[in-house]
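Undergrad: Just passing along the structure, written as C-alpha cells.
The values are calculated or read from the model by the stated rules, or taken from the named source; none is laboratory data. What you see is a predicted model; the values in this text were computed from it and never measured. For neighbour counting, all protein chains shown are included, and Cβ atoms are generated from backbone atoms with ideal geometry for every residue, glycine included.
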Amino acid sequence: MGAVLRYRGRDVTHSEVLFLRQLIEANPDKSRRALSTLVCEAWNWRQPNGALRDMLCRSLMLELHRAGHIELPPVRFRPHNNAICRRRQQPALVDSSPLQARLSQLPPLRFTEVRRSAEEHLFNSLIEDYHYLGYTRPVGEHLKFLVTTAEHRPIACFAWSSAPRHLGPRDRFIGWSQGARRANIRYLAYNTRFLILPWVQVPHLASHLLGRMARRLSREWERSYAHPIYYLESFVDPGRFRGTCYRAANWHFLGLTTGRGKDAPTYEPNRSLKEILGYPLTKRFRELLATVR
C-alpha cells in the first residue's frame with residue numbers, strides 16, 4: 001500500500017498507521033514518551049549502539065498526529081524552553097589572562113570528551129559566552145570536546161553532531177545514491193561549533209587542533225555510538241570568516257548552501273549562504289559511503 005507520510009526519508013504506510021492507532025487505543029494510560037518506547041520496541045527501531053530511537057519516533061508520531069492520521073494523548077510534561085535555559089546559565093569562571101606563544105611553546109594539550117560528564121557545563125558555558133552563535137542543545141548523535149592544558153586550563157571547544165541529510169555539493173562530491181545516503185548518513189559528522197577562547201593567541205593553533213581532532217573523532221564516535229565516522233563537514237559564513245584554518249588543515253571547499261535551511265517552507269533563500277567544507281577521514285570514503293549494507 002502507498003505511503004501516507006514521508007518523514008526524514010522514511011515512508012509511513014497505512015498498515016503502520018493502523019498499528020499506531022491500535023497501540024494507542026490499547027494503552028490509554030500511556031504517555032507519548034511511553035508510547036514511543038513501545039513503538040520502537042515493536043519496530044526494532046534502534047540506533048547502531050542499540051539505544052531506542054525514541055526521540056525520532058516521538059517526532060514522527062507528532063507529525064502523524066498533526067496531519068490527522070493518529071490521535072495522541074494530551075501532553076503531560078513540557079520541557080523547559082531551551083532559549084530560556086540558555087539565559088539562566090551561569091558564566092564559567094576560568095583563567096582569562098592572555099596566552100600568547102608559538103605553537104611549539106605550548107604545553108601538552110588534552111582532548112576530553114565531556115558529554116554527560118562533570119565538565120559538560122563548563123563546555124556549554126564557554127560556547128554560550130564566547131562563540132558568536134552561542135550554545136544550542138544538540139539533537140541526535142553528538143559529541144563535545146574540551147581542549148585544555150595539563151593544568152586544566154581551557155583552550156578550545158569542539159562540538160560535533162549528526163550531519164544534515166541533504167547537502168547538494170556534499171552529495172555530489174561523495175557520489176552516493178539516494179539509498180546509500182539514507183543508509184550511510186550516520187557515518188558523517190558535522191562540526192557545529194569550533195571555538196578557540198579569545199585570550200588564546202597562538203599562530204596556527206586552529207589548524208593544528210583540527211588535525212588532531214580529525215585523527216581521534218572516529219574512535220571516540222565508535223566508543224559512544226558503535227559505528228565509525230568516515231567523513232567530516234562544516235559550514236563557514238564568508239561574511240564573517242575566511243575559513244583559513246580549515247583550508248590549512250586540508251579541508252576541501254565544496255560549494256555554497258542554498259540559503260534556505262532544512263525546514264524552509266518555500267524555495268526562496270531566507271538566510272546567508274555558507275561555504276561547505278569537507279574532510280574525508282579515509283581514502284576509501286567514497287567506496288564506504290556508496291555501499292548499501
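Undergrad: Anything in segment 217-239 that is under 20 Å from residue 289 (Cβ atoms), surrounded by fewer than 16 Cβ atoms within 10 Å (Cβ to Cβ) and of a type in the set (D, E, K, R)? List them, or say none.
TA: Once the filter is applied, which keeps residues that are under 20 Å from residue 289 (Cβ atoms), surrounded by fewer than 16 Cβ atoms within 10 Å (Cβ to Cβ) and of a type in the set (D, E, K, R), segment 217-239 yields 219, 222.
Undergrad: Counting just the residues of segment 145-185 that are in a loop (DSSP other than H, G, I, E, B) and in contact (Cβ under 8 Å) with a residue 60 or more places away in the chain, which one comes out surrounded by the most Cβ atoms within 10 Å (Cβ to Cβ)?
TA: Checking each candidate, the answer is 167.
Undergrad: Do you know which residues across segment 105-138 are farther than 18 Å from residue 199 by Cα and either without any contact (Cβ under 8 Å) to a residue 24 or more places away in the chain or in contact with a helix residue (DSSP H, G or I) (Cβ under 7 Å, 6 or more places away or on another chain) (or both)?
TA: 111, 113, 114, 116, 117, 118, 135, 136, 137
Undergrad: Looking only at segment 22-54, filter to residues that are charged (D, E, K, R) and surrounded by 16 or more Cβ atoms within 10 Å (Cβ to Cβ); which one of those is farthest from residue 68 (Cα to Cα)?
TA: In this case the residue turns out to be 53.
Undergrad: Within segment 6-21, which residues are at pLDDT 90 or above and loosely packed, with under 12 Cβ neighbours inside 10 Å?
TA: Within segment 6-21, 15 is the sole residue that qualifies.
Undergrad: Output the residues belonging to segment 215-230 that are in contact with a helix residue (DSSP H, G or I) (Cβ under 7 Å, 6 or more places away or on another chain) and in contact (Cβ under 8 Å) with a residue 60 or more places away in the chain. Please lay out each step first, then the result.
TA: First pass over segment 215-230, keeping only residues in contact with a helix residue (DSSP H, G or I) (Cβ under 7 Å, 6 or more places away or on another chain): 227-230.
Within segment 215-230, just 227 meets the criteria.
Undergrad: Let me ask something else. Which one of 162, 177, 207 is small (Gly, Ala, Ser) and closer than 23 Å to residue 116 by Cβ?
TA: 162 is the lone residue from the list that is small (Gly, Ala, Ser) and closer than 23 Å to residue 116 by Cβ.
Undergrad: In addition: So, in segment 17-62, exactly how many residues are over 30 Å from residue 221 (Cα atoms) and not β-branched (Val, Ile, Thr)?
TA: 13
Undergrad: Restricting to segment 103-114, name every residue that is more than 19 Å from residue 201 (Cα to Cα) and surrounded by 15 or more Cβ atoms within 10 Å (Cβ to Cβ).
TA: Going through segment 103-114, the residues more than 19 Å from residue 201 (Cα to Cα) turn out to be 112-114.
Hits for segment 103-114 are 113, 114.
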